[in-house]
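Participant: There's a structure below that I have some questions on.
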Amino acid sequence: MALNSVKETGVLVVGAGPSGLALACDLARRDVRALVAERAAALFPGSRGKGLQPRTMEVFDDLGVVDAVLAAGGPAPVGMVWRGGERQGEHRLFDPPEPTETAPYTTPWVIPQWRTQEILLARLRELGGDVTFGTAVTGLTQDADGVTAELSTGGTVRAAYAVAADGGRSTLRRALGITMAGESVDPHPMLVADVRVPALDRDHWHMFPAADDSGLYAALCPLPGTQDFQLTAQLPAGATPDLSLDGVRGLVAARTHLGADDMTEVRWSSDFRPRAALADRFREGRVFLAGDAAHVHSPAGGQGLNTSVQDAYNLGWKLGAVLRHGAPDTLLDTYEEERLPNAARMLGLSTRIHRGEARRGAATQQLGIGYRDASLAAETRERLARDALRAGDRAPDGPCGAGTLFDAFRGPHFTLLAVGTDAELPPPDGALLHVHRIPPYEPYGKGLFLVRPDGYVGWAGEDARGPAEYLASLDLKRP
């Protein structure tokens, strides 16, 4: 689809990467019109962000794509260390916990990024949306009522808000004058490629440490649902990666026991310098930054794509509240308030893992991310136990009637849970508020919990008037 005239929409999303597509899906199910403009002629072709963390799987459950993601991917394989052409033994990158009632997804799920994006695009189209490919934003102005974007096709888009989800080299971020402070994580350039190596088994994540003391390495990870491996290789400082078929073949032959001819195909290749960078703000007027446009991670620990999806999930319900339910624009200030500190923490974690200062563990799952100290967290109880669930925390899963709490949360609404209490409850309010009573449940304790559309507890207490007062403070109205 190409645009060559003036078009009006609710939100202009610039970029069809994971954050842009996830945001567009969330907006579409809220009946918020969004136009996704993607500079490229097609979706990103590589496997780059191949690891989905448990919290991202929960988001995808809510967005209606988790079954497709599960079918197309697989658990992260156990590592196999090689030296001199001999297997040295298995190496576990992390210790996978068992799924529990409160967290049905507990291990990283490997799926090539291109496939994740295909699944999100298919879901967007099911919801009535689409992506406008081959369309770059060449200029953008904003006023008190909205933004006007000029497009490379010669058309113009008028929108209430715009979201820059156009990657680490975001042209929209630069046009807004938002700076990005960062550091080099590693002086060694990296090569990443999708390759085919029929001679290598697909049961392990094959790791090839350098034979000398240089510390350089190469690795080949099988990509589920494909015949491909993702090759990652660290190169000497100052080297220029050769991304050609012969260049990648030569690298594999030099770093592994495999011959150059064992690698039959290079399907995609890229090079990058590992760095960590964070935008100094995530909002400029009516324009927001999301994903790599707001934060750039080292690939270690698999946090970049996942943090990007969390951005979209946080911003989506807030844009919906403003555009569909008449909430004040100030609600959108909480996007930066909540997401910027969390992105900073995830950047620090990625950097420590890259440098060998931290191990992949509970923190990389992103299940512990929360917003306790943010303005939307209203905790009204006193003298709580140290490990008690509080306002701002992720709402755990568990049994609810014939299904689960995640079933109850699924959708664009708020959810009021009455846990082990007979308190009088407000009636449900269509698409805005769903109400459920459940018996005492240890992860929640006892009381009332108002769960936001993104699965975090917004209000917690015992006064039955509290949830209505909280919603009234957001000034939400029926569409």
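The values are calculated or read from the model by the stated rules, or taken from the named source; none is laboratory data. Here the structure is a predicted model, which means the values were calculated and not measured. Note that each Cβ is placed from the backbone with ideal geometry, even for glycine, and that neighbours are counted across all protein chains shown. The accessibility values were calculated without ligands, DNA or RNA, using every heavy atom of the protein model including side chains. Shrake-Rupley method; radii C 1.70, N 1.55, O 1.52, S 1.80 Å.
Participant: Multiplying the sequence separation of Ala199 and Glu90 by 0.36 nm and subtracting their Cα-Cα distance, what value in nm do you get?
Facilitator: Values: separation 109, 0.36 × 109 = 39.24 nm, distance 1.91 nm.
So the extension gain works out to 37.3 nm.
Participant: Output the peptides 230-236, 87-93, 291-297 sorted from most to least packed, where packing is the average of other Cβ atoms within 10 Å over each peptide's residues. Spell out each step's value before the answer.
Facilitator: Working: 230-236: 19.6, 87-93: 12.3, 291-297: 28.6.
Ranking the peptides 230-236, 87-93, 291-297 by packing returns 291-297, 230-236, 87-93.
Participant: If you rank Lys318, Lys477, Lys446, Lys50 by how much accessible surface each has, with a 1.4 Å probe, what is the order from largest down? Intermediate values should be presented prior to the final figure.
Facilitator: On the way: Lys318 0, Lys477 90, Lys446 135, Lys50 30 Å².
Sorted by accessible area, descending: Lys446, Lys477, Lys50, Lys318.
Participant: Moving to a separate point now. Compute the accessible area per residue over the chain, keeping the other protein chains in place, probe 1.4 Å, unit Å².
Facilitator: Values: 19830 Å² over 479 residues.
Here the per-residue accessible area is 41 Å².
Participant: Just to be sure I understand: of the beta bridges DSSP finds with both ends in the chain, what percent are antiparallel, rounded to 5?
Facilitator: Numbers: 63 of 91 bridges.
Close to 70 percent.
Participant: Any chance you could run the full-extension gain for Arg273 through Lys446? It's 0.36 nm times the residue separation minus the Cα-Cα distance, nm to one decimal. List each step's numbers first, then the result.
Facilitator: Details: separation 173, 0.36 × 173 = 62.28 nm, distance 4.97 nm.
Gain on extension, Arg273 to Lys446, equals 57.3 nm.
Participant: Efficiency by 1/(1 + (r/R0)^6): what FRET value for Thr330 and Asp130, r their Cβ-Cβ distance, R0 = 41 Å, to the nearest 0.05?
Facilitator: 0.85
Participant: Rounded, prolate or oblate, given the Cα gyration tensor of the chain, with a/c below 1.5 counting as rounded?
Facilitator: Note, shape of the chain comes out oblate.
Participant: If the chain between Ser375 and Ala144 were fully stretched, how many nm would it gain, using 0.36 nm times the residue separation less the Cα-Cα distance? Intermediate values should be presented prior to the final figure.
Facilitator: Details: separation 231, 0.36 × 231 = 83.16 nm, distance 2.46 nm.
Going from the current span to full extension adds 80.7 nm.
Participant: Using R₀ = 41 Å, calculate the FRET efficiency as 1/(1 + (r/R₀)^6) where r is the Cβ-Cβ separation of Arg383 and Asp429; round to 0.05.
Facilitator: Values: r = 32 Å, r/R0 = 0.78.
That pair, Arg383 with Asp429, gives E of 0.80.
Participant: Still on this structure, I have one more. Mean residue ellipticity at 222 nm from the helices of the chain, using -39,500 (n - 2.57) per DSSP H segment of n ≥ 4 over the full residue count, to the nearest 500 deg cm²/dmol? Walk me through the intermediate numbers first.
Facilitator: Working: 10 runs with 118 residues, N = 479.
One gets -7500 deg cm²/dmol as the mean residue ellipticity at 222 nm.
Participant: When the solvent-accessible surface of protein heavy atoms is calculated with a 1.4 angstrom probe, in what order do Phe94, Phe449 fall, highest first? Write down the numbers at each step before the final one.
Facilitator: On the way: Phe94 45, Phe449 0 Å².
Largest accessible area first, the residues go Phe94, Phe449.
Participant: With everything on Cα atoms, drop me the angle between helix 245-255 and the longest principal axis of the chain, reported from 0 to 90° to the nearest 10.
Facilitator: So the helix axis and the longest Cα principal axis differ by about 80 degrees.
Participant: Further, regarding this structure: Separation between the Ser244 and Ser473 pseudo-spin-labels, each 7 Å from Cα along Cα→Cβ, expressed in nm?
Facilitator: My value for the distance between the label points is 6.4 nm.
Participant: Express in Å², to the nearest 10, the accessible area of Arg30 obtained by rolling a 1.4 Å probe over the protein heavy atoms while all chains stay in place.
Facilitator: Number for this one is 20 Å².
Participant: On a 1.4 Å probe surface of the protein chains, which of Glu469, Glu338, Glu98 comes out largest in accessible area, and what is the full order?
Facilitator: On the way: Glu469 115, Glu338 5, Glu98 145 Å².
Order by accessible area, largest first: Glu98, Glu469, Glu338.
Participant: Which FRET efficiency value, to the nearest 0.05, is calculated for Asp31 and Ala254 with the Förster distance at 60 angstrom and r the Cβ-Cβ distance?
Facilitator: Details: r = 55 Å, r/R0 = 0.92.
Taking R0 as 60 Å, the efficiency between Asp31 and Ala254 is 0.60.
Participant: Let me ask something else about it. Of the heavy-atom accessible surface of the chain (probe 1.4 angstrom), what whole percent is carbon and sulfur?
Facilitator: Carbon and sulfur together cover 49 percent of it.
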